[in-house]
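The values are calculated or read from the model by the stated rules, or taken from the named source; none is laboratory data. In this text, all values refer to a predicted model and were calculated from it rather than measured experimentally. Note that we place each Cβ from the backbone using ideal geometry, even for glycine, and neighbour counts take in every protein chain shown.
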Amino acid sequence: RFFAPLSVAIQGGSPTKLITSGAPLEFVLMNSAVALIKFDVGGTPHGIPNAGIWNASLWSLIWEVMCYLIVAVIGVAGLANRRWVSLAFLLVATAGAMALPPLKFPDVFNQHEGDVRTALFFLACRTAIMFASGAFLYQWRDVIPARWSLVAVSAVIVLAAGALPDYRVVAALPLAYAVVVSGILLRNKHLRLRTDLSYGMYIYAYPTQQLLLVCGLLTLNPLLFTGVTAAATLPLAAASWFLIEKPARRLKRRFRSKAAPAPQDQDQDQSEEQTVMVRPAHEVAESALPPELPGTA
């Protein structure tokens, strides 16, 4: 973790002392199981509002993994093609969220200090609602209309739901629809990017914000601070994509091609995947979602 030593150097401390203390290694080892249980690196960052936390965004990783494990269990049980499964999960998660008192994310810990079960239930429902919304769109893709007018309506619902304690109970599905369908209906080829920096932005945005606060940018206007953070995070996200994620995807395809039973099947699979991933926008009908959502192959 280079953020912690850099923050120490900026604040006049000894980065070498921090590195040799074993704190960075401890941070990596304690969080290596995907669950975020170690927030600071040797007590850093300090002197800022959210002191002692380097990457709070990582809280969602363990819940995402759990969602995929549930999908695996559903597949093993032979229920993957049952449309009611995604709807059932969405309804159960929404009901669970509505059963909680009106809370926003920080409040679940502030108002229920020591009540770990409430916090875990809140996070489980929060994650399940969004995951199930995407699954619902996928399983019902052949009957759900894909229209810009519905994207606009969905966006209005999402904005209005922002006034609620938990917008997800109303707007999870509209938000998923707006994001997925707008991506499908985009006609401009320049907006259909093949370079995916989303994961790098997710991983590095929070520590970049913390480092900028250490540098003294706390007094910036929030919108300006957001812009500065985005600009500072983009190079890190690009490095993550080109140096780690993209090579890893190539390696995955290489292993998959070696495991293919026959060259003919391999060529057919790759051809089908290419069709799905780079399907031209003009081939997408506006009456329903395409048979395969882009990026789901």
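A residue that is more than 25 Å from the chain's Cα centre (by Cα), more than 21 Å from Ala205 (Cα to Cα) and of a type in the set (A, V, I, L, M, F, W, C) occurs somewhere in segment 14-22. Identify all residues within segment 1-40 that are of a type in the set (A, V, I, L, M, F, W, C), under 19 Å from Leu212 (Cβ atoms) and out of contact with any Ser or Thr (no Cβ under 9 Å at 6 or more places or on another chain); write none if there are none. Passing the criteria: Phe2, Leu6, Ala9, Ile10, Phe39.
Here's the yes/no breakdown for (1) touching a Lys or Arg at 6+ places or on another chain (Cβ under 6 Å); (2) without any contact (Cβ under 8 Å) to a residue 12 or more places away in the chain:
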| position | (1), (2) |
| --- | --- |
| Leu123 | no, no |
| Arg126 | no, no |
| Ala132 | no, no |
| Gln139 | yes, no |
| Pro145 | no, no |
| Val158 | no, no |
| Val180 | no, no |
| Leu191 | no, yes |
| Ile203 | no, no |
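Only one of the listed residues (Val170, Val228, Val179, Val214) is more than 18 Å from the chain's Cα centre (by Cα), assigned by TED's automatic domain parsing to the domain that holds Phe136 and surrounded by 12 or more Cβ atoms within 10 Å (Cβ to Cβ). That residue is Val170. The lone criterion from (1) loosely packed, with under 14 Cβ neighbours inside 10 Å; (2) within 16 Å of the chain's Cα centre (by Cα); (3) not in a helix (DSSP H, G or I) left unmet by Asp196 is number (1). When Ala33 is tested against (1) buried (at least 16 other Cβ atoms within 10 Å of the Cβ); (2) modelled with pLDDT under 90, only condition (1) is not met. Give just the number: which of (1) at pLDDT 90 or above; (2) assigned to a loop (DSSP other than H, G, I, E, B); (3) farther than 30 Å from Pro174 by Cα does Leu79 not satisfy? Status for Leu79: all satisfied but (3). Taken together, Ala231, Ala262, Ala239 contain a single residue that is touching a helix residue (DSSP H, G or I) at 6+ places or on another chain (Cβ under 8 Å) and either of a type in the set (Gly, Ala, Ser) or at pLDDT 95 or above (or both), which is Ala239.
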